[in-house]
Amino acid sequence: MIEIFKTQHNGTTNIYGQTLLRNERKIYPLLASRNKILIFQFNEIKTIWESSIFFKSRYEIIAISCFKKIPYTALITSKIKKGKKEKPKFSLIILKKNLRNMEKETEQEIILSFTPIFLSSFGFDFGFDCEFFLISDDNSKIHIFEMQQNMEFHEKEIKKGFLYELTQFKSPVINLIMRELKDKRITIAGCQNGLLHLFITQIDYENEAKKETIIHESEGFLNGPVSCLQMIIPKSKKSKNISESTLNQIIEDNKEKQEKITKRIHLLISDTIESVLLLKNININGIPKFPFESSSLILKSSLFDSVTCMHLVHNPQFMKKSILFVGTFIGLFLVFQAKLSAEEWIEKKELRTNLETPIFSIRSFISKIKNQLIISVATDSRLHFFQINIISKENIN
């Protein structure tokens, strides 16, 4: 693993988040820095990464998120009047730009009547394509801003039959992931008080009215705010050469195999005080009341310092082994290469890099140029790009 690029530090830059913008089968890292968003592109002629201004705001940008399928970007701005003891005013800005000439295509501003804590984006099939941005507030409430037919976003009420599990949280949500698997939806939320929620919702698509029923709910307590969540669904290896008889057998057994696959859902979690943990088979076992007493310990934070973020690259199509990236408050960037099985996490190799300042976000994407895995690591003052050669499917060197 080698570092290929980092932004310059001028002593005044504050970074509040990063995300990946996907457009026309290309991926562009976006970085929120004070009152502007930078976009990074690879210059094939100069063979270097270059940045330019994607968006500039009159106010400070405190959060950013993008959809995975459509090129819309959401950001939250904070307006504070100097010299006045007033609460900040927050806005949600949603925009779409033409990346060829950087001209703005659409921009929508929504004034928020609450204090935002967490921003993310989701897309589901509710019998129709549903794309929405999700914001949690400081009163434990979740707000959803859904795209309408006129391509504008409006807040939609959460009620029974539509993401009802999002109304059940007891503390402000600071991390949330949702995933649909066939006729079920897995929702996992990490809260400010250390509470970890799991909901499994049964979805009836055959009913024209579409019925949703929560069939499982469990929760556990960590020793501090839930800093990181990542769901893992182990994938079976696919054979390149499949005979017709084998293919027919796969089709016949597809339903049974899918049920087996969905029985193996694992969860990587960490809080700001303790460690990185692996909870296995959560959709069977649920969330234990005290996860630290009944899970696999990956990394002891006490050996380093507080874990601020983590990111798992688990893609059998490209790599034989999984790679776990961990960022800490004092700036340690830890890399573990391991084999993830149904039973255990087997550590194989560890690398350490000291970035000197707190690490707040880690993202990854596959670059079509030389078939490289690019890791973007955001600290409080810089963005670093690291490169891993995945052609050999063996090492993280």
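Note on region 243-295: enclosed helices (runs of 4 or more DSSP H) holding 2 or more residues that are modelled with pLDDT of 60 or more and surrounded by 13 or more Cβ atoms within 10 Å (Cβ to Cβ) are 282-285. Of the strands (runs of 3 or more DSSP E) lying entirely inside region 128-213, those carrying at least 3 residues that are of a type outside the set (A, V, I, L, M, F, W, C) and over 19 Å from Ile233 (Cβ atoms) are 129-137, 153-156.
The residues in region 140-153 that are without any contact (Cβ under 8 Å) to a residue 24 or more places away in the chain and either surrounded by 15 or more Cβ atoms within 10 Å (Cβ to Cβ) or in contact with a strand residue (DSSP E or B) (Cβ under 9 Å, 6 or more places away or on another chain) (or both) can be counted, and the count is 3.
Please find, within region 96-112, the residue that is modelled with the lowest pLDDT out of those that are touching a strand residue (DSSP E or B) at 6+ places or on another chain (Cβ under 9 Å) and part of a loop (DSSP other than H, G, I, E, B).
If we take residues in region 96-112 being touching a strand residue (DSSP E or B) at 6+ places or on another chain (Cβ under 9 Å) and part of a loop (DSSP other than H, G, I, E, B), then Met102 is modelled with the lowest pLDDT.
Considering region 371-397, and only residues there that are modelled with pLDDT of 85 or more and among the β-branched types (Val, Ile, Thr), the residue that is surrounded by the most Cβ atoms within 10 Å (Cβ to Cβ) turns out to be Val377.
Tell me whether region 42-56 contains one or more residues that are of a type outside the set (A, V, I, L, M, F, W, C) and touching a Lys or Arg at 6+ places or on another chain (Cβ under 8 Å). Yes; the residues of region 42-56 include at least one that is of a type outside the set (A, V, I, L, M, F, W, C) and touching a Lys or Arg at 6+ places or on another chain (Cβ under 8 Å). Tell me yes or no: at least one residue of region 130-139 is touching a helix residue (DSSP H, G or I) at 6+ places or on another chain (Cβ under 9 Å), closer than 30 Å to Glu212 by Cα and aliphatic (A, V, I, L, M). Looking through region 130-139, at least one residue is touching a helix residue (DSSP H, G or I) at 6+ places or on another chain (Cβ under 9 Å), closer than 30 Å to Glu212 by Cα and aliphatic (A, V, I, L, M).
Exactly one residue out of Val307, Val326 is crowded, with 18+ Cβ neighbours inside 10 Å, at pLDDT below 85 and under 25 Å from Leu31 (Cβ atoms): that is Val307.
Condition first: touching a residue at least 60 places away in the same chain (Cβ under 8 Å) and touching a Gly at 6+ places or on another chain (Cβ under 9 Å). Can you find one or more residues in region 159-176 that meet it?
no
Residues that are crowded, with 19+ Cβ neighbours inside 10 Å and free of Cβ contacts under 8 Å to residues at least 40 places away in the same chain within region 192-202 comprise Leu195, Phe199, Thr201, listed in sequence order. Considering region 1-32, and only residues there that are over 15 Å from Ile362 (Cβ atoms) and among the basic types (Lys, Arg), the residue that is modelled with the lowest pLDDT turns out to be Arg25.
Residues of region 338-370 that are modelled with pLDDT under 60 and small (Gly, Ala, Ser): Ser341, Ala342. Exactly one residue out of Leu181, Leu134 is at pLDDT below 90 and closer than 21 Å to Ile269 by Cα: that is Leu181.
So which residues in region 153-194 are among the acidic types (Asp, Glu) and over 29 Å from Leu95 (Cβ atoms), if there are any at all? Selection gives Glu165, Asp183. Among the residues of region 113-128, is any closer than 20 Å to Lys69 by Cα, among the acidic types (Asp, Glu) and either surrounded by fewer than 18 Cβ atoms within 10 Å (Cβ to Cβ) or modelled with pLDDT of 95 or more (or both)? Taking every residue of region 113-128 in turn, at least one turns out to be closer than 20 Å to Lys69 by Cα, among the acidic types (Asp, Glu) and either surrounded by fewer than 18 Cβ atoms within 10 Å (Cβ to Cβ) or modelled with pLDDT of 95 or more (or both). Thr106 meets all of the listed conditions (1) out of contact with any Asp or Glu (no Cβ under 7 Å at 6 or more places or on another chain); (2) within 19 Å of Ser33 (Cβ to Cβ); (3) surrounded by fewer than 18 Cβ atoms within 10 Å (Cβ to Cβ); (4) not basic (Lys, Arg) but one, namely (2).
The values are calculated or read from the model by the stated rules, or taken from the named source; none is laboratory data. Just so it is clear, the model here is predicted, and its values are computed rather than measured. Here the Cβ is made from the backbone with ideal geometry for all residues, glycine too, and neighbour counts use every protein chain on show.
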